[in-house]
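> Sharing a structure below in structure tokens format, with a few things to ask.
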Amino acid sequence: MEFITVRGNDYQMGYQIGAYFSSYLKSAILPYIEKIKDAKILHLVLELEARLKEEFPDGLEEIKGRADGAAIPRDATLLMFFPEILERTEGCTTVFLRKPDGQLLFSHNEDDKEFTPENTALIKYDYGSFWVVGYTNAEKLLGSSFAFNSAGMLFSTNYIYPETTKLEYISRYVLSRKLMNAKSIPEVKALLQHMRVASPFSLNVINKNTLEAYNFEKNNDTTDTKEVVDRYGRANHFILHPYPEAKERVSSYFRTNYVQKQIQTLNAETAQLQDVKGILDYAEEDYYRCVYKEPTKFEKFSVTVANFSYDSAKDEIEICDYLTKTCIKKGYSEFE
């Protein structure tokens, strides 16, 4: 797992990331160049660009930088960061446990089908007086997986299988990027309240300074909120939003039920981070009855590419990259 640092304004940081992933992106962009020849798809992309200029110009600048750094077309790169058009999906599983003294144990499995050692890295965005670190894929923006920043905010996201997709709104990839710079829970809530997103996602947030913990479900126009008082787990379907159970996907439904059941078996007073993380290690031969999905075992499906865990009492982060079979464990301050 490579760890790189980028600096400067949004365009410059995007440029440095594009240059870092340039070899991969020159190949990965080819299908998007073909797709953009479709006048209807090009129209959607140009509409997205116009909305970004108005609603999130910083994100647009980062995408332009990513394209220019990799020397690939900007319009095709915009399509790459608009997954709803081509219906790209991924899956994740998340679990929280609050101890009696208020401290938090948190673990998140990142699942995806396209991640490789060549197209992922742990990237630090260094703004000088502020930084954000996150697991980043060449075809996605920071925030599509997990991240944490110098204000003490930790984030992970779960894709939600959509009941509705609204292509007239901004993609979840771009809007989740905006959230990664939030410095407080109220700021996260305010951003979510005003966002209109093309497809739904779940956002897990911890403020390590206040020990607040929340799960937010962002639907196209609305936001549902769950404060984590004691313990909580979820995967990739709506839980807070009242959609019928029959519309949930099989793997997501199993993973949610499994982690919610297992987190109840832990003694909050004696549990350690490895106990919480261990819930996410569960695997069977049946792909749809796994929480952890070994990358070399299920090559045609979304597999578990990484794990992100945090122990607030120790103020310690553990990140395991299952693609390269490497783990790092550091105190939060060691990422300064």
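The values are calculated or read from the model by the stated rules, or taken from the named source; none is laboratory data. Note that the structure is predicted; figures quoted are calculated from it, not measured. Methodologically, a virtual Cβ is constructed for each residue, glycine included, from the backbone with ideal geometry; neighbour enumeration extends over all protein chains shown.
> At pLDDT below 90 and either farther than 30 Å from GLU212 by Cβ or in contact with a His (Cβ under 8 Å, 6 or more places away or on another chain) (or both): is that true of GLU61 in this structure?
Taking the combined requirement at face value, the residue does not satisfy it.
> While we're here: For the range 95-198, please list each of the strands (runs of 3 or more DSSP E) lying entirely inside it that holds at least 2 residues being surrounded by fewer than 21 Cβ atoms within 10 Å (Cβ to Cβ).
120-126
> Note down all Cβ pairs under 8 Å where the first residue falls in the range 286-300 and is without any contact (Cβ under 8 Å) to a residue 60 or more places away in the chain, the second is part of a helix (DSSP H, G or I) and surrounded by fewer than 16 Cβ atoms within 10 Å (Cβ to Cβ), and they're at least six residues apart or on different chains.
Close Cβ pairs satisfying both conditions: TYR288/VAL250.
> Anything in the range 268-293 that is touching a Ser or Thr at 6+ places or on another chain (Cβ under 8 Å) and either assigned to a helix (DSSP H, G or I) or surrounded by fewer than 12 Cβ atoms within 10 Å (Cβ to Cβ) (or both)? List them, or say none.
Across the range 268-293, the qualifying residues are LEU273, VAL276, LYS277, ILE279, TYR287, TYR288.
> Right, next: Just the residues that are aliphatic (A, V, I, L, M) and more than 16 Å from PHE81 (Cα to Cα), please, taken from the range 180-202.
Those that are aliphatic (A, V, I, L, M) and more than 16 Å from PHE81 (Cα to Cα): MET180, ALA182, ILE185, VAL188, ALA190, LEU191, LEU192, MET195.
> Turning to a different aspect of this structure: Report every pair of residues separated by at least 6 positions or lying on different chains whose Cβ atoms are under 9 Å apart, first residue within the range 26-42 and within 12 Å of ASP75 (Cα to Cα), second part of a helix (DSSP H, G or I) and of a type in the set (S, T, N, Q).
ILE29/THR77; TYR32/THR77
> Here's something else I'd like to know. With the condition being surrounded by 13 or more Cβ atoms within 10 Å (Cβ to Cβ) and touching a Phe, Trp or Tyr at 6+ places or on another chain (Cβ under 8 Å), I'd like the helices (runs of 4 or more DSSP H) fully within the range 1-58 carrying at least 1 qualifying residues.
By residue number, 10-20, 39-55.
> If I filter the range 214-221 for residues that are under 19 Å from GLU316 (Cα atoms), assigned to a loop (DSSP other than H, G, I, E, B) and either of a type in the set (Gly, Ala, Ser) or under 20 Å from the mean Cα position of the chain (by Cα) (or both), do I get at least one hit?
No - not one qualifying residue is present in the range 214-221.
> While we're on this one: Got a number for residues in the range 294-308 being of a type in the set (S, T, N, Q) and in a loop (DSSP other than H, G, I, E, B)?
Qualifying residue count, the range 294-308: 2.
> For the range 148-172, how many residues meet the condition of being hydroxyl-bearing (Ser, Thr, Tyr), in contact with a helix residue (DSSP H, G or I) (Cβ under 6 Å, 6 or more places away or on another chain) and at pLDDT below 90?
2
> Output the residues belonging to the range 309-336 that are in a strand (DSSP E or B) and among the basic types (Lys, Arg).
LYS329, LYS330
> Can you name the residue in the range 87-104 that is under 19 Å from THR157 (Cβ atoms) and not β-branched (Val, Ile, Thr) and is also modelled with the lowest pLDDT among such residues?
The residue in question is ARG88.
> Please go through the range 301-336 and pick out each residue that is under 19 Å from PHE115 (Cα atoms), exposed (fewer than 15 other Cβ atoms within 10 Å of the Cβ) and without any contact (Cβ under 8 Å) to a residue 40 or more places away in the chain.
Residues satisfying the conditions are LYS325, CYS327.
> Checking the structure you have, find out if any residue of the range 249-271 is modelled with pLDDT of 95 or more and in contact with a Pro (Cβ under 8 Å, 6 or more places away or on another chain).
yes
> Continuing with this model, one more query. Please count how many residues of the range 222-267 are surrounded by 15 or more Cβ atoms within 10 Å (Cβ to Cβ), part of a helix (DSSP H, G or I) and not aromatic (Phe, Trp, Tyr).
The number of residues fulfilling the criteria is 8.
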